[in-house]
1. Restricting to the stretch 167-190, name every residue that is touching a helix residue (DSSP H, G or I) at 6+ places or on another chain (Cβ under 6 Å), at pLDDT below 95 and surrounded by fewer than 21 Cβ atoms within 10 Å (Cβ to Cβ).
2. I'm told residue 119 meets every condition in (1) within 30 Å of residue 184 (Cβ to Cβ); (2) aliphatic (A, V, I, L, M); (3) touching an Asp or Glu at 6+ places or on another chain (Cβ under 8 Å) except one. Can you identify the failing condition by its number?
3. With the structure loaded, tell me whether residue 147 is in a helix (DSSP H, G or I) and charged (D, E, K, R) or whether it fails that test.
4. Of these, 47, 81, 60, which one is surrounded by fewer than 17 Cβ atoms within 10 Å (Cβ to Cβ), modelled with pLDDT under 80 and not β-branched (Val, Ile, Thr)?
Amino acid sequence: MDSEERHELKRNDFEEFIKKAPGFIKKYIREIISICLIVAAGIMWLAKEEPVRPDVKQQAAVNDIFQQVNTKLGEIRQGEAEPSALDPLIEDAISKADNLTSPVQRGFAYVKAADAMRASIWKQGAEKNEINEALEMYKKAEKTAQEDPLVDGMAKFGIALCRIDLEQFDQASNILGKLVTSEKYADTALPKLAEKRLKFISDLKTDFNFAENAPEQENEQSS
């Protein structure tokens, strides 16, 4: 029997099986279903028993922090939540961050915790010590992830914002200036953000100086 005859025989056998398949399936339907269920159960068990790698768990924790904090910040901006709603998220973010082994992930989590801290106190009459707490958290993030341009830059930007809140404009300008000029942050969005804040500080100083000089000008004109 040559190869062509064998091929023809196999094709005929396959066609015969297709013709008889409905009857075969109908006859052995219970057995087929049982086998399918056993296979499905085995796959589900393997998926359940498959250990989740630590780095996957840690990335999930970071994603959770990012999503929760950003969602709540959005609700606060829309007036759908009070700043105090961030308080439990801050504690949770810090707790999760402390257990992360990756310096970059840990630093990023600290940044998000600091973002939440700063937003929770961003109201009239915010206490200086509360701003300093957010500042220290940004510093912790900076120290933790100093090798990563993005997270390190985010931490520095947060520090600059706290300096502005504390009216320490020269210190804030110095930090923002480094974000603009340093090659380390060139591939991130931080230089543009820093430039906008530098302009804000410049405008703020102009308004402040104008308000201070206005009474003197009035006195000169009256005399």
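1. Scanning the stretch 167-190 gives 169, 188.
2. (3)
3. no
4. 47
The values are calculated or read from the model by the stated rules, or taken from the named source; none is laboratory data. Just so it is clear, the model here is predicted, and its values are computed rather than measured. Every residue, glycine among them, receives a Cβ derived from its backbone with ideal geometry; neighbour counts consider all protein chains shown.
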